[in-house]
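Below is one structure, written out as C-alpha cells; the observations come after it.
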Amino acid sequence: RASVGPKYLAGLNPEQREAVETLDGPVLVLAGAGTGKTRVLTTRIAHILSQGRARPAEILSVTFTNKAAREMKHRLGQMLGHAVEGMPWLGTFHSIGGRILRIHAELAQLKSNFTVLDVDDQVRLLKQLLQAENIDEKRWPARMLAGLIDGWKNRGLMPSQVPSGEAAMFANGKGGKLYASYQERLKILNAADFGDLLLENIRIFREHPDILRQYQQRFKFILVDEYQDTNVAQYLWLRLLSQAPSSSSSLPGLTRQSIASSEDGSPGLDASRRPGDDEQDNAAPAPLGEKAPTKNICCVGDDDQSIYGWRGAEVDNILRFEHDFPGAKVIRLERNYRSTGHILAAASHLIAHNEGRLGKTLRTEDQDGEKVTVTGSWDSEEEARGIGEEIEQLQRQGEKLNEIAILVRASYQMREFEDRFVTLGLPYRVIGGPRFYERAEIRDALAYLRVINSPADDLAFERIVNTPKRGLGDATVQMLHDHARKRRIPLFEAARAVVETDELKPKARGSLRDLVAQFDRWRAQREVTAHTDLAQIVLDESGYTEMWQKDRSADAAGRLENLKELVRSMEEFENLQGFLEHISLVMDREGGAEDDAVSLMTLHSAKGLEFDNVFLPGWEEGLFPSQRTLDEQGRAGLEEERRLGHVGLTRARRRAKIYFATNRRIHGTWSTTIPSRFLDELPAANVEITESKGGSGWGGSGGYGASRFDDMEAFGSSYSTPGWQRAQANRNRGGGRSGGFEEEAATFSSSSSGPDFGSFSSRRR
Ligand code: ATP
Ligand code: MG
C-alpha cells in the first residue's frame, strides 16, 4: 500500500491507518490503552471530510464526555488545517440524544424547551409520588426508587417492560406502577431525566420508522469512543441508527432538510451553528435516497478499561460486536504511544490477573523510563503532604502543573489534597465533580456552622432553616424576609422576634422557636466545647445526620462519610472561626487558577485522559479495591476494580506514583489498613519502593507500610510483616458495616464513584 496521502495520515502505523481508511462497513478497533484509538477516530473523521464522503452534519460521533468532544473538534481543526464548523452530532450519548429529543419533543409529550432534571430533582419528584401513594419513605426511600428507575432506563426498559420480579423489589410490587406515574409526572412538568434522553429516542425511533429512517439516512458515518462502557440503552440506540434504512428510503415530505430546519430551532446544544451551515459545507453530499447508506459504524474500545459495570455498562457489547455487525472488520492495535516501558509493563502485569478478558499484547518503543514508585505513608495526611512536596519538586524541575494529575478511588479522598494545595498555594482543579466543600451535604453543614459563627449570615440561615424538614416552608421564610427587611435585622433575629408574636401558625411557630433556642444553646456551648465536638453536636442535634441516616439510598452513605471527613478536617484548625476562614479561602479559588493547575479527579473520570505525571494515592484494601467489592460474592467487582487500577496506571506518560497509607480514618475512627492486593500484583522489575517525602520522623524510617512485603511479588521475600502491625490489623477486623453501601448515585455529570467502604471486616487470607 502506498504510504503517500494526506498529511493527517502520516505517522499512523499500518493498523491505525487501516482503521482510518476502512470507511465502508462496520469496524471495531479493539485495543489497549494508549494505542491511539481516540486518535484513530479523530483522524477517521478528518479523512471522511477531506474525502468528501460526508458533510460535518452527517457524522454521528459519540465521545465519553463533553470535554472530549471539544477536544476532538480542536484536533480535527489541527488535522485539516481549518476550523471545523457545524458538527452538531459530535458529543456524548446524552447531549446527542437530548438534541434529537428536542426536535421531536411533541412525540414524547414534551415541549422542545423541556427541562433536564438532575438527581436531586428526580428524588424530590419521587418523594411526592411516594407520599401520594402512602408509601412509607423510611422503608422505601425515594433514592432507592430513583436508582431502580435509572437502572431500568439504562437497560432500555419502559414501565410496561419492567420484569415483574424487579418491579416487586420496591414497595411490595409497586415499583413498575411508580415508574409509570413518574413518567407521567415528568410529561406534565415538561421535564425529562438523563435516562429519558436516550430512552425516548429509542421509543420514537421504534414507533415512527419514518423518523428513524431520516436519521439512518442522515448519519452516513457513526463513530463511538469508549465502546466498552456503553449500556444496553446506548447499544439499542446505536443499533437502530446504524442499520441501513429499509428500501423505501425516500419519504415525501420528510427529507433531511426537515431535520435540519428543526435542528436549528433547538436551543442550547450548539450555539456555533447557524441556519444554512449545512449547505455551505464543501463536501459534496450523496443525493438523498439514491443509494441506501451502509452501516458505516466504527467503534473503538478496550475490554480492560470497562469500569462502569456498576452503572449498567455491558462489556459484552464489545465482545459481541462481530456477531451484531456481520462482516465487521476487527482491528487490533498493539503499539502503545503513551507510556514508557516500566509503566506499561506494570499496568499489563496488573491486568493480567483478571480472568475475564480477551487478553492482548501491548508494546512500546519508548524507553523504559522511570520505574513505577510505591510509597507508604503513616496516614492519609502524610500521604497528602508527601504528594504535595513531590509536586513542588516536579514544579522546580520545570514540569507543568497541567501535566500532573492525582487520581483517587473515592471522591472524599480529595479533601485532604485540596486543603494541602490551598496551604501550599498550589493551583488545582477538580475534574468531573464538585469540589469537596461544594458538595450539598458539606454546604448544609457549613451553613449551620456559619449561622453559629455569625447570626447575621442570612444566606446560611435560609439554606438550613428547613433542612432537615421542620415544617418551615416558603411562606414562613417569606414572612421572615418581610420582617427582617422592615426592621433591618438579620433573618435569624427576625425569627427570634416572630416567634414571640402570633403571626405564624402554632406548629411552625413551635418549630421555629426550637430552632432559635437550639442556635442559642450551640452558641453558648461554643465557649466551652472544642469546635470539632460542637460540629458533631450540631449535626446530630439538628437532625441533619439523621436525615441522611434514614435515607438508606445509594449515595446517602457517601454523604455521611463526607460529613465525617468534614468534622475530621476541622481538627487541623484552632477554632471555628479559623476553620471557616480557611473554607472561604478554599471556596474563593474558583476560576483563578485555570491556566496551569494540578488536576484532581476520580479514577473513573480519568478515562481517556493522559498526563506526564500521575499520582495514585490510597491503594489500600477496603478503599482500593473498595470494601463493597471485597464483600461481594464472585470476582466481577474485584476485576472491575483491577481494571480501574489499570486505567489509572495507563494514564501516565512518564511517571506513575502509587501511594498507600498505613492508617486511615474510617467512620471517625482510625483504622490500620493493609496495602492493596494490587500492589502484590505489580511486577518487581518495574517497581521501586520509595520513602514518603511527607515523613514525620517515624514515617520515614522505612519499616512501615507494606505489611505484606513478604508476599508481594514486587518485593520478593526480603521483608517481613512487622508483628505489631499484624496484630493491629487483626484487631481492626470484624467490625460491622453500617449497611447500604453502594456506589454514589450515578449522576450524569459526576462520574465519581463515591466513598463506598465500610470497616475493614472482610479481607483476603
Ligand atoms: P485510551 O484507551 O487511554 O483512551 P487511546 O487508545 O484512545 O487510549 P490515544 O489517546 O488516541 O489512545 O493515544 C495515546 C497517545 O498516543 C496520544 O498522545 C496520541 O497522540 C499518541 N499517538 C497515537 N498514535 C500515534 C502515532 N501513530 N504516532 C505518534 N503518537 C501517537
Ligand atoms: Mg481514548
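Taking the range 148-167 as the range and being surrounded by fewer than 22 Cβ atoms within 10 Å (Cβ to Cβ) and part of a helix (DSSP H, G or I) as the test, the residues that pass are Leu148, Gly151, Pro159, Ser160, Gln161, Ser164, Gly165, Glu166, Ala167.
Evaluate the following for Val498: is it β-branched (Val, Ile, Thr) and touching a residue at least 40 places away in the same chain (Cβ under 8 Å)? Explain how you work it out, then say what you get.
On the way: β-branched (Val, Ile, Thr): yes; touching a residue at least 40 places away in the same chain (Cβ under 8 Å): no.
Here the answer is no, as Val498 does not meet what is asked.
It is to be established whether one or more residues within the range 607-627 are modelled with pLDDT under 90, out of contact with any Ser or Thr (no Cβ under 6 Å at 6 or more places or on another chain) and either of a type in the set (S, T, N, Q) or in the same structural domain as Ile307 (by TED's automatic domain parsing) (or both). Outline the logic, then answer.
Filtering the range 607-627 down to residues modelled with pLDDT under 90 leaves 627.
Next, from what is left, pick out any that are out of contact with any Ser or Thr (no Cβ under 6 Å at 6 or more places or on another chain): 627.
If we keep only those that are either of a type in the set (S, T, N, Q) or in the same structural domain as Ile307 (by TED's automatic domain parsing) (or both) too, we end up with 627.
Yes: one or more hits.
Residue under question is Glu581, and the condition is that it be touching a residue at least 24 places away in the same chain (Cβ under 8 Å), assigned to a helix (DSSP H, G or I) and of a type outside the set (S, T, N, Q); does it hold? No, not satisfied.
Looking only at residues of the range 56-87 that are surrounded by 23 or more Cβ atoms within 10 Å (Cβ to Cβ) and more than 16 Å from ligand 2 (Cβ to nearest atom), we find that the one that is nearest to Asp229 (Cα to Cα) is Leu60. Of all residues in the range 335-390, those satisfying the criterion of being within 16 Å of ligand 1 (Cβ to nearest atom), closer than 28 Å to Phe417 by Cα and either more than 26 Å from the chain's Cα centre (by Cα) or not in a helix (DSSP H, G or I) (or both) are Arg338, Ser339, Thr340, Gly369.
If you take the residues in the range 431-462 that are at pLDDT below 90 and of a type in the set (Gly, Ala, Ser), which one is farthest from Leu563 (Cα to Cα)? The extreme case among them is Ala456. Residue count for the range 15-46, restricted to those that are more than 10 Å from ligand 1 (Cβ to nearest atom) and surrounded by fewer than 20 Cβ atoms within 10 Å (Cβ to Cβ): 6.
In the set Glu389, Glu383, only one residue is away from ligand 2 (no atom under 16 Å from the Cβ), within 19 Å of Gly648 (Cβ to Cβ) and surrounded by 15 or more Cβ atoms within 10 Å (Cβ to Cβ); that residue is Glu383.
Restricting to the range 121-137, what's the tally of residues that are under 28 Å from the mean Cα position of the chain (by Cα) and outside any helix (DSSP H, G or I)? Summing the residues that are under 28 Å from the mean Cα position of the chain (by Cα) and outside any helix (DSSP H, G or I) in the range 121-137 gives 1.
Which of the residues spanning the range 221-242 are more than 16 Å from ligand 2 (Cβ to nearest atom) and among the aromatic types (Phe, Trp, Tyr)? So that I can check it myself, show each step before the final result.
Here is the first cut: in the range 221-242, the ones more than 16 Å from ligand 2 (Cβ to nearest atom) are 221-222, 231-242.
Within the range 221-242, Phe221, Tyr235, Trp237 qualify.
Scanning the range 47-70 for residues that are hydrophobic (A, V, I, L, M, F, W, C) and within 11 Å of ligand 1 (Cβ to nearest atom) gives Phe64, Ala68.
Total residues in the range 308-334 satisfying the condition of being within 16 Å of ligand 2 (Cβ to nearest atom) and in a strand (DSSP E or B): the figure is 2. Please tell me if Ala656 is modelled with pLDDT of 95 or more and either under 29 Å from Gln367 (Cα atoms) or in contact with a Gly (Cβ under 7 Å, 6 or more places away or on another chain) (or both). So Ala656 fits the description; yes.
The values are calculated or read from the model by the stated rules, or taken from the named source; none is laboratory data. Remember, predicted model here, so these are calculated numbers, not experimental data. Methodologically, a virtual Cβ is constructed for each residue, glycine included, from the backbone with ideal geometry; neighbour enumeration extends over all protein chains shown.
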